[in-house]
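Colleague: Provided herewith is a single structure, encoded as structure tokens, for subsequent inquiry.
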Ligand code: GRF
């Protein structure tokens, strides 16, 4: 069977990218390869990780283009040129334009470091999420993988895993514990996506059995 081709979009350290790279290398995720890593920022460590894994990386920043339309047109061109089947947002801190979401409907997934619909949406990213969790005093937070639609963190939810907030937690200690869960949840979601086992019915996402 033809290997599926994945684009991973990043903006920072790339630890979630590394989790996917490792899951493919170990054979946990089969039938696909990361064809390209796209960053919206130059010099991020995620691009080093791609280089280390022999995966082509590129930087496509909105500022390079005369307007958002040109930026998105170029992004779509790069995705098509690389015959991309699926897109994984792994610490990617930008909202994909409707034309890209449309072209890859239910083929784009994102990892968010909270239990959506709590502590998500515009302005909730990285350590800001964990600070809001601690400020509110919730006892449970966690990680969510969801399909990407036109808004921030609003697409149908694929997988979630809870993480207990512990006495004396700081943004640093909590984010580390949530990141460990992210590094398991995202590779599982990629595996299910590539195996065609995610079926969307309205807001509900079913995980179907693997065909024998
Ligand atoms: C992670 O918390 C992820 O949930 C969020 O960005 C953070 C950094 O991810 N989207 P990474 O280390 O760049 O993968």
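Each value in this text was obtained by applying a stated rule to the coordinates, not by laboratory testing. Just so it is clear, the model here is predicted, and its values are computed rather than measured. As a convention, Cβ positions derive from the backbone with ideal geometry for all residues, glycine included, and neighbour counts pool all protein chains shown.
Colleague: Using a ≥ b ≥ c from the Cα gyration tensor of region 34-92 (square roots of the eigenvalues), is it rounded, prolate or oblate, where a/c under 1.5 gives rounded and otherwise the larger of a/b and b/c decides, a/b for prolate?
Modeller: Here region 34-92 falls in the oblate category.
Colleague: Nearest 5 is fine: what % of DSSP beta bridges in the chain come out antiparallel, could you say?
Modeller: Restricted to the chain, the bridges split so that about 45 percent are antiparallel.
Colleague: Give the peptides 22-32, 83-93 in descending order of average Cβ contacts within 10 Å, highest first.
Modeller: Put in order of decreasing packing, that is 83-93, 22-32.
Colleague: Hey, what did the chain get for relative contact order, percent, Cα under 8 Å, at least 6 apart?
Modeller: Computed over the chain, the figure is 19 percent.
Colleague: Okay, next question. Can you tell me how region 81-130 classifies by the Cα gyration tensor, rounded, prolate or oblate, using a/c under 1.5 as the rounded cut?
Modeller: Here region 81-130 falls in the prolate category.
Colleague: Moving on to the next point. Summing -39500 (n - 2.57) over the DSSP H runs of n ≥ 4 in the chain and dividing by its residue number, what mean residue ellipticity at 222 nm do you reach, to the nearest 500 deg cm²/dmol?
Modeller: Calculated from helices alone, the mean residue ellipticity at 222 nm is -10500 deg cm²/dmol.
Colleague: Next question, about the same structure. Assign one of three labels to region 4-207, namely rounded, prolate or oblate, based on the Cα gyration tensor with a ≥ b ≥ c the square roots of its eigenvalues; rounded applies when a/c is under 1.5, prolate when it is not and a/b is larger than b/c, and oblate otherwise.
Modeller: rounded
Colleague: Something else: Using a 10 Å cut-off around each Cβ, can you sort 130, 146, 183 from fewest to most neighbouring Cβ atoms?
Modeller: Result, fewest neighbours first: 183, 146, 130.
Colleague: Still on this structure, please answer the following. May I ask you to derive the FRET efficiency for residue 134 and residue 3 from their Cβ-Cβ distance with R0 = 41 Å, giving the value to the nearest 0.05?
Modeller: Efficiency, from the Cβ-Cβ distance: 0.45.
Colleague: Distance between the C-alpha centers of region 50-89 and region 151-212? Whole Å please.
Modeller: Centre-to-centre (Cα) distance: 24 Å.
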